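Peer 1: First, the structure itself, so that you have it in front of you.
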Amino acid sequence: MNLTLKVWRQDGPNDKGRMETFKVNDVSEHMSFLEMMDVLNEQIINDGGDPIAFDHDCREGICGMCSMYINGEAHGPGRGVTTCQLHMREFNDGDTIYIEPWRAKAFPVVKDLMVDRSAFDRVIQAGGYVSVNTSGNTQDANAIPIEKENADAAFDAATCIGCGACVATCKNSSAMLFVSAKVSQFSLLPQGEPEAADRVLKMVNQMDLEGFGNCTNTGACEVECPKGISLENIARMNREYLKASLTK
Amino acid sequence: MATGKGLFGSSLARKYWMALTGLFLITFLIVHLAGNLQLFGEGEEVRDSFNLYSKFMTTFPVIKVVSYLLYASILLHAIDGIVLARQNAAARPSKYVKNNAAANSGWASRNMALLGIITLLFIIIHMKSFWYEMHFGNVPTYMIDGEEIKDLHSITVAAFEQLWYTLIYVISMAALGFHLWHGFQSAFQTMGWSHPQYNPIIKGVGKAFAVIVPLLFALIPIVIYLR
Amino acid sequence: MDLNSQIPEGPLAEKWTKHKNDIRLVNPANKRNIDVIVVGTGLAGSSAAASLAEMGYNVKAFCFQDSPRRAHSIAAQGGINAAKNYQNDGDSTFRLFYDTIKGGDYRSREANVYRLAEVSANIIDQCVAQGVPFARDYGGLLDNRSFGGVQVSRTFYAKGQTGQQLLLGAYSALSRQIAKGRVKMYNRHEMLDVVKVDGKARGIIARNLTTGEIERHGAHAVLLCTGGYGNVFFLSTNAMGSNVTAAWKAHRRGASMANPCFTQIHPTCIPVSGDYQSKLTLMSESLRNDGRIWVPKKKEDAEAIRAGKLKPTQLKEEDRDYYLERRYPAFGNLVPRDVASRAAKERCDAGFGVNQTGEAVYLDFSSAIMRYGREEANIQGDHNPSDAKVKKLGKEVVEKKYGNLFQMYEKITADNPYETPMMIYPAVHYTMGGLWVDYNLMTNVPGLFALGEANFSDHGANRLGASALMQGLADGYFVVPYTVGGYLADDIRTGAIDVNSSEFEAVEKEVKDRLQKLVDNNGSRSVDYFHKRLGRIMWEKCGMARNEKGLKEAIAEIRALREEFWKEVRVPGKLDGLNPELEKAGRVADFIELGELMCIDALDRNESCGGHFREEYQTEDGEAVRNDDDYRYVAAWEYSGNPSEPKLNKEELEFENVELKTRSYK
């Protein structure tokens, strides 16, 4: 198939940026979206141009590095997929495809489609861990049984890949889904309990400092999340934060 | 404690206040509607009972206290809402060239600020027309059982006999309906009052409320206008 | 060269305890004056950086990704082994040790492997304490599954995302230390060389990938936790950024590269669909528990299938060749990875492949669906169910077990594996070879350590499933924190490393010159063009099966490719600022040199063992023939200054606790 691509180009965080138009021909429907981008870049290099910068690594939907806003949706039109898992069979011959970076104050553009998501790292550093030394001299792994339902819910929350699609999708660039997934994982496990109140206060505080917006509960993040992280996590974090604020 | 922000200042705290004031305003809507339903009726009896009800609502001390709470809630809900909306706009300085928001979220949920502003403007007009007149204006009076009563009923009926005024009402109630369509269940989510077993009930009640209450409010002027 | 493995004296089971008791310590006040560099933030890197920082060292950690959480350990699916014996099925430290040694075809070091088995149980304790949500049973206790090549259930898992959960656990421990200021994290930084001062590793040269700035970083020890080099084949299950550069630069600075030809080709991956393909996706080994692997018996059927005239479901049972069940009746579809991969290649080479490229075999779940369906109908009390009902029930059971994998397959191929058999083909997955390290995980360059997949030590010639995660975390959490101390005890008076020394200056200049050369080259071909050609040579001649002639050809072709690369490569953009093509170019240049060494190593090893199958050394029915008399050694290659003339040093392997046997799965 033949496609027209409208791609966001931006030299750096301080550049204003603009859309540029490219044509790509003979795209196979079996290609992944990123493979189509590889073809485009090869074409640009052969024409002596500057290839489009975009983040990508594992190309199997788990590292969370790829991050494109395709035709007005994070990771494109598919559900439950990252950009690297999106295949060209989702598009038709002659389509015009818009490709933009995640847009949020907290995610400044590094170049073109590449953004800086270190705000997420700083939110985790603020408290997204259990304070246990790595000596291995903890108690036996089976010493505390954990109700299967809670263990499964903790796992579901923990499958977040930190790609930032939630922020990109949210009309307010809110990071509530990301932050609440980590808060939930630990609040559902006995190991996370002792620090639960402190953790949620610190992580929310850092989230606010990073300049993410507020949650309007539109639910868009859950729909676009490639891992289907549930809005239940946001409700849980709201509960945890309220409890912590009232008691701490 | 880590932050010292507690129930003020953080993004979550601002949302709690939105939710709590919103829920309080929702309960007020029920009370207000209950009173207004009398306007569906006709004749002197209805006029008298409505006017007595109005007097009670403006003079009974407990109601007075609650009404101040109500004014505060409206103000807090509006101001907090404006602060949130401004922060949200600032969180995305560069907008998407193409954004297909309809693919992942409802229209009402994305336009709460707009709907809220329409509702606020309505409240201002509404309060000027009735609340202000009742408290500080020249409302004609008459006697019931030896007591001087302000005839709010005739002012109300007179107002709704004007087409433009009725139209403002109907449009505003539509805005309120959409605002509630999202706001009702959103408040529960914000407070963390969520449970897979009860969420469908909350959502169902919220949507029913969002349709029925504004519809009844809107029907009153329509019925009076057509009368 | 001195290849002293530093294995402690004493009985196997007591070596590690004894060593820990004997090793020298650094007191807390002195640790504060000692800097350690950790390169890579996968399981080994994150866990090592977190542990060392916690102990009091000043740690600088580097990763080329935008966050340490994205290292490719995150993609590991199946699980992590640990000798916990929670299932009471007779597991023990010795059994895990024995399975690993045997699975590795007797080409790994006994003492290292025993230590790995010994600390495995602690890994699970540690991870649970960190809040890693492992799968649990209804009693709330940890669940286990079985994996290939063993007879016990010792694999802990978190659905098909075990690597992700373990890495996020290590990442959270790392984040805690970053927050405390104990670790200084350098994201989007790529290590481009090691700096040696007086023969010891004293720092690295790194490029800030965002600004393009070349930076000097000094430290008293450098830990390379940079993963494997599977991307030398261009197509592999590795991430796009996975590369050998850090390890290769260490090699060029004197660290020996051990057994580089030992590559694991995983049998169940989604086949290549076209030239544009950038990577291959693994389908978990667990699928072979229920899937049956086959190709058509008749060539004309295979041709008809390839031409799209025949569907696999139309082929009658007697026209199918379940070749693994035919060749290996005892193990059937559950033979180890190397055996399964070679058997698939043999059938496809013989013309029985089933996709357009002729390089795919079927993995069929229809009999499993029917079998489970009948079982389920029985459970429901229906002893005479219709076929349709059996199928429906069976699909539900299969979905519960493998739903996410089936979904992943369908997303990529647009085929529904419940209705039509999956197509699979082997793909490069893991590299057992790596930097030579002693018992302390130190390379032969003092102060330079290698952990996880980057070293060679634990998996011999073939790695068992669910053992890579175990090794990464064992090295990082429980081994290196002790052994680094033993080395650094001499460094308490050294003081901060001066990065303005002539040694740093010289290496930095080399790095800059090379980058300059790449951008100035102005050739006519993109980096990927060369990478793809290298991959093709490696896959065809140093892949699942190798022979002398092919390897010699490959060596010549790679030499020519290296020359052509430096003449013809085009790297657009500049040195300063973000330049992904420049990053790739540097990595591919190193892969080309490594590829040659892999072929040289494969040519040297005149035997077939594990993932290394030399066609000259096989039995009449195509089984591997190992040569313990002549090749029971670790081939540690020393850089001579010319990539084509490496020097071979041998570390003889002693087996005192296991008997060397021929692996048989018949």
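The values are calculated or read from the model by the stated rules, or taken from the named source; none is laboratory data. Since the model is a prediction, treat every value here as computed from it, not as a measurement. Counting neighbours? That spans all protein chains shown, and the Cβs are built from the backbone with ideal geometry, glycine included. With ligands, DNA and RNA removed, areas are computed over all heavy atoms of the protein, side chains included. Shrake-Rupley method; radii C 1.70, N 1.55, O 1.52, S 1.80 Å.
Peer 1: Do we have A:Pro101 as over 25 Å from C:Ser47 (Cα atoms) and outside the structural domain of A:Pro194 (by TED's automatic domain parsing) here?
Peer 2: Details: over 25 Å from C:Ser47 (Cα atoms): yes; outside the structural domain of A:Pro194 (by TED's automatic domain parsing): yes.
Answer is yes for this residue.
Peer 1: Identify, please: which residue in segment B:87-116 is over 16 Å from A:Asn71 (Cα atoms) and more than 22 Å from the chain's Cα centre (by Cα) and is, among those, farthest from the other protein chains (Cβ to nearest Cβ)? Spell out the reasoning first.
Peer 2: Initially, segment B:87-116 is screened for residues over 16 Å from A:Asn71 (Cα atoms), giving B:87-94, B:106-116.
Add one more test, that the residue is more than 22 Å from the chain's Cα centre (by Cα), and what stays is B:87-94.
Details: B:Gln87: 6, B:Asn88: 4, B:Ala89: 8, B:Ala90: 7, B:Ala91: 3, B:Arg92: 5, B:Pro93: 6, B:Ser94: 5 Å.
Across segment B:87-116, the extreme among qualifying residues is B:Ala89.
Peer 1: Name the residue that is farthest from the other protein chains (Cβ to nearest Cβ), counting only residues in segment A:36-69 that are of a type outside the set (A, V, I, L, M, F, W, C) and surrounded by 24 or more Cβ atoms within 10 Å (Cβ to Cβ). Break it down stepwise before answering.
Peer 2: First pass over segment A:36-69, keeping only residues of a type outside the set (A, V, I, L, M, F, W, C): A:38, A:41-43, A:46-51, A:55-57, A:59-61, A:64, A:67, A:69.
Next, from what is left, pick out any that are surrounded by 24 or more Cβ atoms within 10 Å (Cβ to Cβ): A:55-57, A:59, A:61, A:64, A:67, A:69.
Details: A:Asp55: 6, A:His56: 6, A:Asp57: 4, A:Arg59: 5, A:Gly61: 8, A:Gly64: 6, A:Ser67: 9, A:Tyr69: 6 Å.
Once the filter is applied, the top-ranked residue is A:Ser67.
Peer 1: Can you name every residue in segment C:379-428 that is of a type in the set (A, V, I, L, M), without any contact (Cβ under 8 Å) to a residue 24 or more places away in the chain and more than 30 Å from C:Arg536 (Cβ to Cβ)?
Peer 2: Residues of segment C:379-428 of a type in the set (A, V, I, L, M): C:379, C:388, C:390, C:393, C:397-398, C:405, C:408, C:412, C:414, C:422-424, C:427-428.
Keeping just the survivors that are without any contact (Cβ under 8 Å) to a residue 24 or more places away in the chain gives C:379, C:388, C:390, C:393, C:414.
Answer for segment C:379-428, where residues must be of a type in the set (A, V, I, L, M), without any contact (Cβ under 8 Å) to a residue 24 or more places away in the chain and more than 30 Å from C:Arg536 (Cβ to Cβ): C:Ile379, C:Ala388, C:Val390, C:Leu393.
Peer 1: Residues that are buried (at least 24 other Cβ atoms within 10 Å of the Cβ) and touching a residue at least 40 places away in the same chain (Cβ under 8 Å): which helices (runs of 4 or more DSSP H) entirely in segment C:1-89 hold 1 or more of them? Outline the logic, then answer.
Peer 2: Numbers: elements: C:15-22, C:28-31, C:43-55.
Output list reads C:43-55.
Peer 1: For residues in segment A:169-181 being in contact (Cβ under 8 Å) with a residue 60 or more places away in the chain and either at the interface with another protein chain (Cβ under 9 Å from one of its Cβ atoms) or open to solvent by 10 Å² or more (accessible area, probe 1.4 Å) (or both), which is nearest to A:Gly211 (Cα to Cα)?
Peer 2: We begin by selecting, within segment A:169-181, every residue in contact (Cβ under 8 Å) with a residue 60 or more places away in the chain; these are A:169, A:173, A:175-176.
Filter once more, so that each one left must be either at the interface with another protein chain (Cβ under 9 Å from one of its Cβ atoms) or open to solvent by 10 Å² or more (accessible area, probe 1.4 Å) (or both): A:169, A:173, A:176.
Working: A:Thr169: 16, A:Ser173: 9, A:Met176: 12 Å.
The selected residue is A:Ser173.
Peer 1: Test A:Val130 against the criterion of being at negative phi, in contact (Cβ under 8 Å) with a residue 12 or more places away in the chain, part of a loop (DSSP other than H, G, I, E, B) and within 8 Å of another protein chain (Cβ to nearest Cβ), and give yes or no.
Peer 2: On the way: at negative phi: yes; in contact (Cβ under 8 Å) with a residue 12 or more places away in the chain: yes; part of a loop (DSSP other than H, G, I, E, B): yes; within 8 Å of another protein chain (Cβ to nearest Cβ): yes.
So A:Val130 fits the description; yes.
Peer 1: Still on this structure, I have one more. Name the residue, out of C:Asn231, C:Asn187, C:Asn208, that is open to solvent by 30 Å² or more (accessible area, probe 1.4 Å), modelled with pLDDT of 95 or more, polar (S, T, N, Q) and closer than 30 Å to C:Gln277 by Cα.
Peer 2: C:Asn187
Peer 1: Just the residues that are β-branched (Val, Ile, Thr) and either outside any helix (DSSP H, G or I) or in contact (Cβ under 8 Å) with a residue 60 or more places away in the chain (or both), please, taken from segment A:38-54.
Peer 2: A:Ile52, the sole residue that qualifies.
Peer 1: Now for a separate question. Would you point out the residue of segment A:133-144, among those that are closer than 15 Å to C:Ala50 by Cα and open to solvent by 40 Å² or more (accessible area, probe 1.4 Å), that is farthest from the other protein chains (Cβ to nearest Cβ)?
Peer 2: Our first condition is that a residue be closer than 15 Å to C:Ala50 by Cα; within segment A:133-144, this holds for A:133-136.
Keeping just the survivors that are open to solvent by 40 Å² or more (accessible area, probe 1.4 Å) gives A:133, A:135.
Values: A:Asn133: 6, A:Ser135: 8 Å.
By that ranking, first place goes to A:Ser135.
Peer 1: Still on this structure, I have one more. So which strands (runs of 3 or more DSSP E) stay within segment C:154-220 end to end and still have 1 or more residues that are in contact with a Leu (Cβ under 9 Å, 6 or more places away or on another chain) and among the acidic types (Asp, Glu)? Spell out the reasoning first.
Peer 2: Working: elements: C:183-186, C:189-197, C:200-208, C:214-218.
Those strands (runs of 3 or more DSSP E) span C:189-197.
For (1) of a type in the set (A, V, I, L, M); (2) farther than 21 Å from C:Val339 by Cα; (3) in contact with a helix residue (DSSP H, G or I) (Cβ under 6 Å, 6 or more places away or on another chain); (4) surrounded by fewer than 21 Cβ atoms within 10 Å (Cβ to Cβ), each residue gets a yes or a no:
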{"residue": "C:Ile592", "(1), (2), (3), (4)": "yes, yes, yes, no"}
{"residue": "C:Gly595", "(1), (2), (3), (4)": "no, yes, yes, no"}
{"residue": "C:Asn606", "(1), (2), (3), (4)": "no, no, no, yes"}
{"residue": "C:Gly622", "(1), (2), (3), (4)": "no, no, no, yes"}
{"residue": "C:Val625", "(1), (2), (3), (4)": "yes, no, no, yes"}
{"residue": "C:Ala636", "(1), (2), (3), (4)": "yes, yes, no, no"}
{"residue": "C:Pro643", "(1), (2), (3), (4)": "no, yes, yes, no"}
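Peer 1: Count, please, the residues in segment A:212-223 that happen to be facing chain B (nearest Cβ under 7 Å) and in a helix (DSSP H, G or I).
Peer 2: 2
Peer 1: Here's something else I'd like to know. A:Glu147 passes all but one of (1) more than 7 Å from chain C (Cβ to nearest Cβ); (2) out of contact with any Leu (no Cβ under 7 Å at 6 or more places or on another chain); (3) open to solvent by 50 Å² or more (accessible area, probe 1.4 Å); which number fails?
Peer 2: The single condition A:Glu147 does not satisfy is (1).
Peer 1: Is one or more of the residues making up segment C:298-309 in contact (Cβ under 8 Å) with a residue 12 or more places away in the chain and within 30 Å of C:Phe147 (Cβ to Cβ)?
Peer 2: The answer is no, given that none of the residues of segment C:298-309 is in contact (Cβ under 8 Å) with a residue 12 or more places away in the chain and within 30 Å of C:Phe147 (Cβ to Cβ).
Peer 1: Of all helices (runs of 4 or more DSSP H) completely enclosed by segment B:1-114, which ones contain at least 1 residues that are among the β-branched types (Val, Ile, Thr), without any contact (Cβ under 8 Å) to a residue 40 or more places away in the chain and open to solvent by 30 Å² or more (accessible area, probe 1.4 Å)? Reasoning before the result, please.
Peer 2: Values: elements: B:11-36, B:44-59, B:61-90, B:107-110.
Per the criteria, B:11-36, B:44-59, B:61-90.
Peer 1: Go through segment C:127-156 and give me each residue that's touching a helix residue (DSSP H, G or I) at 6+ places or on another chain (Cβ under 8 Å), within 11 Å of another protein chain (Cβ to nearest Cβ) and either within 27 Å of C:Val335 (Cα to Cα) or surrounded by 20 or more Cβ atoms within 10 Å (Cβ to Cβ) (or both).
Peer 2: Within segment C:127-156, C:Cys127, C:Val128, C:Ala129, C:Gln130, C:Gly131, C:Val132, C:Pro133, C:Phe134, C:Ala135, C:Arg136, C:Leu142, C:Phe156 qualify.
Peer 1: Of the residues in segment C:157-182, how many are facing another protein chain (nearest Cβ under 8 Å), touching a strand residue (DSSP E or B) at 6+ places or on another chain (Cβ under 8 Å) and open to solvent by less than 10 Å² (accessible area, probe 1.4 Å)?
Peer 2: So the count comes out to 2.
Peer 1: Can I ask one more? Among the numbered criteria (1) touching a residue at least 60 places away in the same chain (Cβ under 8 Å); (2) assigned to a strand (DSSP E or B), which one does B:Met143 miss?
Peer 2: Here B:Met143 meets the rest and fails (1).
Peer 1: How many of the residues in segment B:189-207 are at the interface with chain A (Cβ under 8 Å from one of its Cβ atoms) and in a helix (DSSP H, G or I)?
Peer 2: So the first thing to find is which residues in segment B:189-207 are at the interface with chain A (Cβ under 8 Å from one of its Cβ atoms), and the list is B:189-194, B:196.
Filter once more, so that each one left must be in a helix (DSSP H, G or I): B:189-191.
Residues in segment B:189-207 being at the interface with chain A (Cβ under 8 Å from one of its Cβ atoms) and in a helix (DSSP H, G or I): 3 in total.
Peer 1: Turning to a different aspect of this structure: Conditions: (1) touching a residue at least 40 places away in the same chain (Cβ under 8 Å); (2) more than 23 Å from A:Ser174 (Cα to Cα). B:Val205 meets all but one. Number of the miss?
Peer 2: All conditions pass for B:Val205, except number (1).
Peer 1: Out of segment C:90-122, which residues are within 14 Å of chain A (Cβ to nearest Cβ) and either open to solvent by 10 Å² or more (accessible area, probe 1.4 Å) or more than 19 Å from the chain's Cα centre (by Cα) (or both)? If you could, list the steps in order and put the result at the bottom.
Peer 2: Going residue by residue through segment C:90-122, those that are within 14 Å of chain A (Cβ to nearest Cβ) are C:115-116, C:118-122.
C:Arg115, C:Glu118, C:Val119, C:Ala121, C:Asn122, listed by residue number.
Peer 1: Still on this structure, please answer the following. For segment A:182-211, what are the residues that are open to solvent by 20 Å² or more (accessible area, probe 1.4 Å) and assigned to a loop (DSSP other than H, G, I, E, B)?
Peer 2: Answer for segment A:182-211, where residues must be open to solvent by 20 Å² or more (accessible area, probe 1.4 Å) and assigned to a loop (DSSP other than H, G, I, E, B): A:Leu188, A:Glu210.
Peer 1: Are any of the residues in segment C:535-556 of a type in the set (Gly, Ala, Ser), surrounded by 16 or more Cβ atoms within 10 Å (Cβ to Cβ) and under 30 Å from A:Lys111 (Cβ atoms)? Give the steps one after another, and end with the answer.
Peer 2: Applying the first criterion (of a type in the set (Gly, Ala, Ser)) to segment C:535-556 yields C:535, C:543, C:545, C:550, C:554, C:556.
Filter again for surrounded by 16 or more Cβ atoms within 10 Å (Cβ to Cβ), leaving C:535, C:543, C:545, C:550, C:554.
From what's left, under 30 Å from A:Lys111 (Cβ atoms): C:535.
Yes: one or more hits.
Table: residues versus (1) closer than 21 Å to C:Leu653 by Cα; (2) among the charged types (D, E, K, R); (3) more than 14 Å from chain A (Cβ to nearest Cβ).
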| residue | (1), (2), (3) |
| --- | --- |
| C:Lys401 | no, yes, yes |
| C:Lys411 | no, yes, no |
| C:Tyr425 | no, no, yes |
| C:Thr431 | yes, no, yes |
| C:Trp436 | yes, no, yes |
| C:Met442 | yes, no, yes |
| C:His459 | yes, no, yes |
| C:Leu464 | yes, no, yes |
| C:Met470 | no, no, no |
